[in-house]
1. Straight-line reach from LYS83: which lysines fall under 19 Å, measuring Cα to Cα and dropping same-chain residues less than 8 apart?
2. Explain nothing, just compute: Karplus ³J(HN,Hα) = 6.51 cos²θ - 1.76 cosθ + 1.60, θ = phi - 60°, for every residue of the stretch 117-133 in order, whole Hz, x for Gly and Pro.
3. How large is ³J(HN,Hα), in whole Hz, for each residue of the stretch 103-115 in order, when computed from phi with the Karplus curve 6.51 cos²θ - 1.76 cosθ + 1.60 and θ = phi - 60°, using x for Gly and Pro?
4. For the chain, would you read off the P(r) tail past 31 Å as a percentage of all alpha carbon pairs?
5. Extension gain LYS153-SER47, at 0.36 nm per residue separation less the Cα-Cα distance, in nm?
6. Expressed as an acute angle from 0 to 90° and rounded to the nearest 10, what is the orientation of the C-alpha long axis of helix 3-26 relative to the principal long axis of the chain?
7. Taking H as built 1.01 Å from N, whose amide H comes closer than 5 Å to the amide H of ILE77, not counting residues under 5 places away?
8. Run the helix sum for the chain: -39,500 (n - 2.57) per DSSP H stretch of 4+ residues, divided by residue count, reported at 222 nm to the nearest 500 deg cm²/dmol.
Amino acid sequence: MSSGDRNVRVVTKDFVYEQIKQKIITGSLQPNENVVEESLAKELDVSRTPLRGALQQLEHEELLVRKQNGRLKVAPISATEAKEIFMIRSRLEGLVARDAAERATKKDITYLKHITKMIEDAEVQGIQEDQVYFGMKFHTYLYEISGNKTATKLLNLLNDHINRYRRLGLINRAEQLDKNKDDHALILDYIEKGDLEKAELFAQDHVNSSMEAAIERIKNSQFVKQN
């Protein structure tokens with residue numbers, strides 16, 4: 001096999017991995033749903049080799065789990081796991097916001113204000129996907145300017161699981177969206193003021209509010225695993 005062929009195979013496997021992961025995160029592949037290799041291979045127009053490589057990676061990341069019969073299914077959801085993930089994220093996001101408040105430049109503040117405006121516009125227009133997208137950009141930029149590489153690495157490891165629960169919590173969340181519409185602006189206000197303690201506190205509160213909404217939603221879900 002030539003190096004070119006090997007590179008094509010790697011790219012294909014990465015493509016398949018991203019496609020299936022997004023199906024899991026968005027709920028296109030639902031919790032506890034069986035993974036049918038034949039169907040996925042046909043849908044994505046790929047061979048079994050890159051498909052199985054992608055499935056193995058997703059199993060390693062615990063977005064897929066193996067049943068007793070050896071077949072794979074989408075990992076279940078549980079209120080317990082959601083609480084654990086969000087509590088860890090809350091502490092880490094607080095640390096990142098604190099460090100960002102100490103390091104942010106005027107240029108950083110200007111960019112964060114732009115992102116915050118995009119979040120507010122998405123909320124007013126009721127475009128939830130845009131709200132999630134720009135919310136993620138806000139937090140990702142905080143990771144960058146915080147300089148806290150360890151917290152950022154841990155958050156990146158958690159984010160696929162976090163986004164899965166966050167999107168489940170988006171359904172019928174009009175009241176919660178209204179309640180939280182100024183969260184990012186409040187965090188940014190304290191970062192701009194250089195108030196480390198309040199930046200950390202409000203970042204934690206923001207995540208905790210999302211946790212409460214997600215847990216309430218998944219408790220009423222037909223897919224929830226009670227534990």
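1. LYS219, LYS225
2. 5, 5, 4, 5, 5, 5, 5, 4, 7, x, 9, 5, 5, 5, 4, 5, 4
3. So the Karplus estimates, Gly and Pro as x, are 10, 4, 9, 4, 5, 4, 4, 4, 5, 5, 5, 4, 5 Hz.
4. Details: 7739 of 25651 pairs.
Value for the chain (Cα pairs over 31 Å): 30 percent.
5. Values: separation 106, 0.36 × 106 = 38.16 nm, distance 3.23 nm.
Taking 0.36 nm per residue and subtracting the Cα distance, the gain is 34.9 nm.
6. Here the helix axis deviates by roughly 60 degrees.
7. Placed amide hydrogens put LYS225 under 5 Å from ILE77.
8. So the calculated ellipticity at 222 nm is -25000 deg cm²/dmol.
Read-outs throughout are calculated quantities, based only on the coordinates presented, and are distinct from any laboratory measurement. None of these values were measured; they are calculated from a predicted model. All Cβ positions, even for glycine, are placed from backbone atoms using ideal geometry, and neighbour counts span all protein chains on display.
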